[in-house]
1. Select from the range B:153-182 the residues that are at pLDDT 50 or above and touching a helix residue (DSSP H, G or I) at 6+ places or on another chain (Cβ under 6 Å) and write down the one among them that is surrounded by the most Cβ atoms within 10 Å (Cβ to Cβ).
2. Answer with yes or no whether B:His243 is touching a Phe, Trp or Tyr at 6+ places or on another chain (Cβ under 9 Å) and at pLDDT 85 or above.
3. Picking from B:Arg481, B:Arg528, which residue would you name as being at pLDDT 50 or above, surrounded by 12 or more Cβ atoms within 10 Å (Cβ to Cβ) and closer than 23 Å to B:Leu149 by Cβ?
4. If B:Ala316 satisfies every condition in (1) outside any helix (DSSP H, G or I); (2) touching a strand residue (DSSP E or B) at 6+ places or on another chain (Cβ under 9 Å); (3) facing chain A (nearest Cβ under 8 Å); (4) not polar (S, T, N, Q) but one, which is the exception?
5. Just wondering, is there one or more residues in the range B:88-96 that are surrounded by 21 or more Cβ atoms within 10 Å (Cβ to Cβ) and touching a Phe, Trp or Tyr at 6+ places or on another chain (Cβ under 6 Å)?
6. Can you name the residue in the range B:265-281 that is surrounded by 22 or more Cβ atoms within 10 Å (Cβ to Cβ) and among the hydroxyl-bearing types (Ser, Thr, Tyr) and, of all such residues, is farthest from the chain's Cα centre (by Cα)?
7. Return the total of residues in the range B:319-343 being in a helix (DSSP H, G or I), more than 7 Å from chain A (Cβ to nearest Cβ) and more than 13 Å from B:Ala272 (Cβ to Cβ).
8. Being open to solvent by 60 Å² or more (accessible area, probe 1.4 Å) and more than 10 Å from every other protein chain (Cβ to nearest Cβ) is the filter here, so list the residues in the range A:48-88 that pass it.
Amino acid sequence: MAAPIAIHLEFGGGAELLFGSVKEHHVTLPNQSAPWDMKQLLVWIRGNMLKERPELFVQGDTVRPGILVLINDADWELMGELEYELQDKDNVVFISTLHGG
Amino acid sequence: MCQVDEEYNGQLDHRVTPRVSKKCVKCKENTTVLIIRAGDAFCRGCFKEYFIHKFRAMLGKNRVIFPGEKVLLAVSGGPASSSMLSQVQEGLSRDAPKKLRFVPGIIYIDEGGASGQSMEERKRAVAQLESVFRATNYHYHIVHLEQVLSLPSSVLEAGSSATEKPQTGLSYKAAVDHFIQTRKNQNQHPDFSVENAQSHLSSLSMQEVQNGVTSPITPEQTQALQRLFASVRTLTAKEDLLHTLRQHLILHTARTQAYTKVMMGDSCSRLAIKLLSNISLGRGASLATDTGFSDPRYGDVVIVRPMRDYSSKEIAYYNRMFDIPSVFIPGLDSKAQDKASIQRLTESFVTKLQTDFPSTVSTIYRTSEKLHTACPPQNTNTQLSAKCLLCVCALDTKLEEFSAYQATLISEQLSQRRGPGPECTPGTAAAPGSPPASSAGQGHSSGEGQSQGCETGEGDCCSSKEPETVDLKSLLCYSCRLTIKDMTALDALPQYILSEAERRRRSQMREEISDFLLDEEEDEAIPRVNGSL
């Protein structure tokens with residue numbers, strides 16, 4: 001896609017601790033030739049937003065086990081997990097179900 | 001198969017993203033929003049029904065909550081307990097015969113003192129939760145963990161199960177019918193209409209707010225609490241101790257406010273993790289009560305776990321989709337590493353396994369359902385001394401011949417460096433591991449039967465610290481002993497634990513020497529008893 005994509009990110013269940021205790025973020029993903037997918041989004045979050053302890057959020061290619069991802073209020077497993085292509089104004093929610101965030 | 005870095009090259013496909021049809025499996029009409037278990041996709045409406053139904057089915061299947069009972073809901077602010085609170089609200093609000101019928105109260109325990117939060121953070125969290133509780137119109141109690149330092153020692157006594165319990169008289173069904181009858185009669189008197197009762201209750205809770213929040217805590221109390229937790233070396237033991245103290249506080253509140261049941265919000269995933277980590281902690285003997293639906297160990301107050309059928313995923317989705325307020329409060333193990341404690345390690349193990357093998361948690365859950373206690377839990381014959389001091393489960397450290405526990409003790413003895421013993425006689429130094437057992441009155445084949453009285457007496461006058469450790473250990477179950485072992489300063493324990501331990505040791509000793517006691521007036525017997533002071 002040529003145009004930058006505006007995404008609304010939310011963190012819950014303790015995951016916000018890793019992002020400065022801020023639950024909601026509006027981000028704009030920069031231009032790039034290929035469409036953005038979830039895998040690239042995670043890499044982008046890890047590089048630009050995670051303040052500390054990346055291993056508590058991302059594990060390898062995907063999110064850490066125990067963190068649920070909702071895309072537009074639907075389970076990301078139904079959307080294709082990491083292969084889902086982001087659209088403009090999408091809402092992505094990360095909820096941690098682990099004890100210690 | 002059991003290597004650390006194993007490669008399943010080509011043998012095992014990574015879990016294929018399930019290609020489910022986009023229609024809900026239940027109503028087959030609406031689009032799906034959620035996958036539960038291994039491939040059941042639900043739409044929003046069907047999921048809500050499924051969720052609500054599970055809660056009521058769980059309560060209905062295990063008929064332990066009788067109509068009109070006072071039930072205390074233990075809410076930690078986390079997703080599972082907030083969800084439980086909303087389910088209770090939902091269940092109590094329905095009209096018609098199918099609605100739940102009990103009187104709820106809420107308790108929240110502020111653990112900020114133990115997890116190192118500042119007063120402002122704690123106040124903020126409490127304020128957020130208070131607004132949630134007020135919206136429910138139930139009584140609520142906000143208790144600070146510091147209050148554990150001023151609990152009475154009677155909290156450690158197992159109460160007898162309430163004698164007026166309907167179980168002995170009416171059966172469950174009869175109790176429900178009886179309740180409906182009395183309500184019908186009451187409805188004829190406008191004074192006792194449901195609305196009045198509700199407003200009466202809410203006005204009470206307004207008054208109780210001052211009582212509900214209980215007395216403000218002093219910095220000295222917070223410091224004493226922090227000292228207690230700082231004296232515990234490992235995070236595992238800290239979490240265990242925190243859990244124990246929390247249980248005591250909840251129990252005390254339930255008893256003083258006349259609640260007969262306590263509902264805890266442990267979800268299926270949490271209970272699976274708890275099951276495995278309890279085995280690692282040495283609590284295998286009490287697995288059934290720790291993870292089962294009802295926990296009768298306290299006698300008069302029964303702990304139930306109605307959320308034990310819900311996975312964390314279901315709870316998180318439900319809270320998100322239907323806007324259930326929950327407050328995240330960082331605890332002792334927030335942002336801790338995977339290997340920081342046994343509980344944490346088990347959690348990461350189970351969660352990771354769950355992603356690749358989605359039936360992990362449900363398998364563990366089903367296994368735990370099959371566990372039952374061998375003997376009836378309410379043993380009126382069991383004396384008080386046969387229960388662990390801290391966790392009030394049956395003592396499993398009776399030293400029998402050829403038991404696994406004896407083997408552990410022998411290994412411990414053998415692996416300790418045997419330097420010159422402490423100031424005590426060689427008799428005591430020769431058996432560092434077994435004084436707890438022998439002084440527990442087993443009169444075992446360790447050959448020190450005769451000198452038992454002298455032994456403890458001499459041990460007591462030697463050093464003032466030794467008897468404390470010895471005394472506590474003999475009153476604890478195996479895993480509580482391990483927790484205590486990790487503590488450097490036993491006197492930091494709350495007063496009620498120490499005084500109850502003292503009392504039990506005295507009564508144990510009295511039993512031991514009861515044969516030797518002559519008459520009450522005889523002076524010879526008294527020095528022996530006084531030797532322990």
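1. Per the criteria, the residue is B:Leu156.
2. no
3. Within the list B:Arg481, B:Arg528, the selection yields B:Arg481.
4. (1)
5. no
6. B:Ser269
7. 2
8. A:Asn48, A:Lys51, A:Gly60, A:Asp61, A:Glu85, A:Gln87, A:Asp88
The values are calculated or read from the model by the stated rules, or taken from the named source; none is laboratory data. Small disclaimer: the values here were computed from a predicted structure and weren't measured. Here Cβ is always computed from backbone atoms with ideal geometry, including for glycine, and neighbour counts include all displayed protein chains. When the accessible area is computed, the model is the full protein with side chains, heavy atoms only, and any ligands, DNA or RNA have been set aside. Shrake-Rupley method; radii C 1.70, N 1.55, O 1.52, S 1.80 Å.
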